[in-house]
Every structure is written in structure tokens, then in C-alpha cells.
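Chemist: This is the structure I have questions about; it appears just below.
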């Protein structure tokens, strides 16, 4: 008798929790997928780079492609099969000093900011579906003795953050 009561209580609790979920993921808790509609395809060509830092466009293109596949229901496809095209240009990469050691003046902490312009275009009509100009991500790293992080660490962190932010913007617009 006690097992039946416990099972009944657990079943009622489960129904009560599901009853509190929303059908629309934007209006509360839901059991529906938070990814976009399945079947969307995006062509991601190599991003342009107007900075003197070579290779950052390669890293960002790869990071955005992986982020699209990892965190959305969209599929990265070739130019012929894609519904949309994601174009981007790396506009700026700046390294700044955040703090210095008092006695020596050596840099303790630095920031790296990466700025891009991107747009998502309908492959058949050419209509712009989403566009951002001057979209920036900033990361910090510690080049000082002890931690000794290289600038590559800050760059990789900024690239990954920017890729995640670009994908989030695309999901909110499209």
C-alpha cells in the first residue's frame, strides 16, 4: 500500500511540474527545444580580415561554425545547399593594459578586444536577415611572471566568446 501511495505522489508531482511549463520557450520554463527550427542551413565562408593580425579570421570562422553546430539546430552546409550565408569581417584587434606591478611597471593583466562586422543573408533573395556593425568581445589574460599566459590565450578566449555571441545574436534575430 505504501509503494502505491509513493508512486501516485511522484506521478502527481511530475504532472504538476509539467503543467507549469510553457509551450513557448520564450515565455517561461519549457520541455520544448530551445534550438531553432530544424533544417536551417548556413554557409560560412572564410571571414575577411582588415587587421594586421593574421590568422584571427581563420580561428573565428572555425569557432563560429562549431558554435552553430553545437548550440543550434542549424547545419553548416556548402554554398550550393545553404539557405543563408554568414559573412563577416574582422575590423579590429586591440591589446590593452589593465594593471601594472607597482615597483617594476611590468604588465600584470591585459585585455584583448576583437571587433567584427557580420551579416546573415538569404542565399536566394539576397535579403539581409541580421546585421551587426562593430560587434565586440573582450577577454583578459595575465602575461606576468607566474601565470605567464601568452597573447594567444587572450586571443583564443576572445574568439570563442565572440563566436558564441554571434551565434546568440543570429538566434535572436532569425
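Any read-out appearing in this document is the output of simple, stated calculations on the displayed coordinates, not a laboratory observation. If you're wondering where the values come from, they're calculated on a predicted model, not measured in any experiment. Positions of Cβ are backbone-derived with ideal geometry, glycine not excepted, and every protein chain shown enters the neighbour counts.
Chemist: Sort 81-88, 106-113, 93-100 for me by packing, meaning the mean count of neighbouring Cβ atoms within 10 Å per residue, highest on top.
Modeler: Result, highest mean first: 81-88, 106-113, 93-100.
Chemist: Let's test the formula: R0 of 22 Å, r as the Cβ-Cβ distance of residue 102 and residue 152. What FRET efficiency results, to the nearest 0.05?
Modeler: 0.20
Chemist: Using a 7 Å offset from the Cα along the Cα-to-Cβ direction at both residue 133 and residue 46, what is the distance between the two label points in nm, to one decimal?
Modeler: Label-label distance for residue 133 and residue 46, simple model: 2.7 nm.
Chemist: Normalising by the residue count of the range 37-174, find the relative contact order in percent from Cα pairs under 8 Å and 6+ residues apart.
Modeler: About 23 percent, as a whole number.
Chemist: If you take the beta carbon distance between residue 161 and residue 53 as r and set R0 to 22 Å, what does 1/(1 + (r/R0)^6) give as a FRET efficiency, to the nearest 0.05?
Modeler: It comes out at approximately 0.85.
Chemist: While we're here: Apply 1/(1 + (r/R0)^6) to the Cβ-Cβ distance of residue 81 and residue 125, taking R0 = 22 Å, and write down the FRET efficiency to the nearest 0.05.
Modeler: Result of the calculation: an efficiency of 0.85.
Chemist: Just the C-alpha atoms of the range 65-113: what Rg/Rh do they give, with Rh taken as the Kirkwood radius?
Modeler: Computed over Cα atoms, the ratio is 1.34.
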